[in-house]
Amino acid sequence: MDSIIVTGNGPLNGTIPIAGAKNACLTLMPATLLSDEPLTLTNAPRLSDIKTMSELLRSLGAEVTSMQDGQVLAMSSHTIATTKADYEIVRKMRASNLVLGPLLAREHEAVVSLPGGCAIGARPMDIHITALEALGAEIELKDGYLHAKAPGGLKGATHELRFASVGATENVVMAATLAKGTTVLKNAAREPEIVDLVHCLRKMGAQIEGEGTSTITIQGVDRLHGATHPVVTDRIELGTYMLAPAICGGEVELLGGRIDLLEAFCEKLDAAGISVEETEKGLKVARKNGRVKAVDVVTEPFPGFPTDLQAQMMALMCTAEGTAVLEEKIFENRFMHAPELMRMGASIEVQGGTATVHGVERLKGAPVMATDLRASISLILAGLAAEGETIVNRVYHLDRGYERVEEKLGALGAKIERVKS
Ligand code: UD1
């Protein structure tokens, strides 16, 4: 498994282009299953998770062609060859469960492997199941697979999610586009990736209102048609690289960056003493004079502070002036980066879902282990600000969510190299 070696060498300056959002692309791709006409996505990110979703869609009979160095995905699901999403693919990536809604809607049946646990928590599917059952699906669990069917098709209904799950909202919205009648989904998630999905579905002929609010109304239609859609900017990649000059000093322009994608995060950066300015091409981020100030963070569904930026924010807080309390409210086990940061000299106490970080003057390079996707990049950011060399081992998660990390950070003057194994 590859390792990344980073050496702290001062401020970072320059420009980083931000890619299309992994999480948006992973829900837009299964939308191809809803129509027998082609769906083309532009501004797609070049990531291993996108390859895994392509593999899954192909296994279901879709044609997926990657063009322009992976930035354009041309998909066509003229016929569905099978409605079974196999464990061997699903286990690689939880977002595979996003084929459930589209398959049920179009084929009236789906057999989808349960994704299983992952490092950051149990991540059950009960919210997806209850919501699809409200639309008339019959779902049972057999041999590790969800067997879902809707003889005669799904029927619109009013349903309130017990928690604003991103994936469940996406599955239900996709399923409801081809259901008979009207679906009113309450306590829906409001993430920008869901808004992006709705924009694409609308281009395909779906009738949907209320995206970006907690009530989404979907009027079912008989069929959807083809469309071309650009994937929205990746707010998590954006936030991650905004933290690079915050941690190391310097000034970096993030091309394609938008404050409205990350308002709660930008407020915290401001409180910490980081300046964020809108430019013609995106956002410019710089550390104001002196050390970063400690700020408390609570992760919440959008528009709150994103859980997917918690690990990176912790890396920033490690060298802040004062004590920061980080509360993780979305996933039960998402502090695995804390002991690794402590190997680099950070002072952190973890108790349940709360991490208390006492800022230290400087971190020191060390060999560390990347445990999940966002933890991997937080250790790289910490390493860039540390004294000496940091070896981040087991970085395979990184390529799931960040394209060309070495190239992007290297262009800012970071000393970063990949060691293949
Ligand atoms: C998506 C994102 C992920 C992000 C997360 C929260 C994608 C591909 N992934 O994941 O990067 O961290 O949103 O912003 O878009 N839950 C249940 N039962 C369910 C579904 C979820 O208990 O049926 C729980 C989960 O275990 C978790 C919480 O709800 O604790 C949030 O999960 P959810 O919003 O569904 O996240 P994902 O869609 O899996």
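The values are calculated or read from the model by the stated rules, or taken from the named source; none is laboratory data. For clarity, every value in this text was computed on a predicted model and none was experimentally measured. Here the Cβ positions follow ideal geometry from the backbone for every residue, glycine too, while neighbour counts run over all protein chains shown. Just the protein is used for accessible areas: all its heavy atoms, side chains included, with ligands, DNA and RNA removed. Shrake-Rupley method; radii C 1.70, N 1.55, O 1.52, S 1.80 Å.
Within straight-line reach of Lys329, meaning a Cα separation under 19 Å, sit the following lysines at least 8 residues removed in sequence or on another chain: Lys268. Extension gain, Lys142 to Arg91: 0.36 nm times the residue separation minus the Cα-Cα distance gives 16.7 nm. Calculate, for Arg46 and Glu321, the FRET efficiency according to 1/(1 + (r/R0)^6) with r their C-beta to C-beta distance and R0 30 Å; round to the nearest 0.05. Step by step, r from the Cβ atoms, then E = 0.20. For the range 22-230, the residue among Gly167, Val184, Leu154 whose Cα projects farthest onto the positive side of the dipole built from Cβ charges is Gly167.
When you count the other C-beta atoms within 10 angstrom of each residue and take the mean per peptide, 374-382, 88-96, 33-41 line up highest first as 374-382, 33-41, 88-96. Among the protein heavy atoms of the chain, carbon and sulfur supply 48% of the accessible surface, probe 1.4 Å, non-protein parts ignored. Each residue was assigned an accessible area with a 1.4 Å probe, and for Tyr145 the value is about 30 Å². Using Cβ point charges alone (K and R +1, D and E -1), the dipole size of the range 22-230 about the Cα centre works out to roughly 160 debye.
Couplings 3J(HN,Hα) of the range 197-212, computed from phi: 4, 5, 4, 5, 4, 5, 4, 7, x, 6, 10, 9, 9, x, 4, x Hz, in residue order, whole Hz [Karplus 6.51 cos²θ - 1.76 cosθ + 1.60, θ = phi - 60°; x for Gly and Pro]. Taking the Cα atoms of the range 22-230, the ratio Rg/Rh between the radius of gyration and the Kirkwood radius comes to 0.92. For Phe335, the solvent-accessible surface computed with a 1.4 Å probe is close to 20 Å², ligands and nucleic acids excluded.
The string of couplings for the range 51-56 from the Karplus curve (6.51, -1.76, 1.60, θ = phi - 60°) is 5, 5, 5, 4, 4, 5 Hz, one whole number per residue in order, with x for Gly and Pro. From its DSSP helices (H runs of at least four residues, each -39,500 (n - 2.57)), the chain gives a residue-normalised ellipticity at 222 nm of -8500 deg cm²/dmol.
Model label sites at Thr79 and Val360, defined 7 Å from Cα along the beta-carbon direction, differ in position by 6.3 nm. Under 30 Å of direct C-alpha separation, and excluding same-chain neighbours fewer than eight residues apart, Lys180 reaches these lysines: Lys84, Lys142, Lys149, Lys155, Lys203.
Look at the dipole of the range 22-230 built from charges on Cβ: of Gln219, Ala24, Tyr145, the Cα furthest out on the positive end belongs to Ala24. About its Cα centre, the chain has a charge dipole of approximately 320 debye under the convention of +1 per Lys or Arg Cβ and -1 per Asp or Glu Cβ, with nothing else charged. Less than 12 Å from a label point 7 Å out along the Cα-to-Cβ axis of Glu389: which backbone N atoms in the range 305-333 qualify, by residue? Label zone hits: none. What the phi angles of the range 63-72 give under the Karplus curve with 6.51, -1.76 and 1.60, with θ = phi - 60°, is a coupling list of 9, 10, 10, 9, 10, 6, 6, x, 7, 10 Hz, glycine and proline written as x. Here Lys281 is the anchor, and the lysines within straight C-alpha reach of less than 19 Å, apart from those fewer than 8 places off in the same chain, are Lys408. Computed over protein heavy atoms with a 1.4 Å probe, the accessible surface of the range 22-230 works out to 38 Å² per residue. With N as its number of residues, the chain has a Cα radius of gyration that, divided by 2.2 N^0.38 Å, comes to 0.98. When peptides 11-19, 74-82, 217-225 are sorted by average Cβ neighbour count within 10 Å, with the highest value leading, the order is 11-19, 217-225, 74-82.
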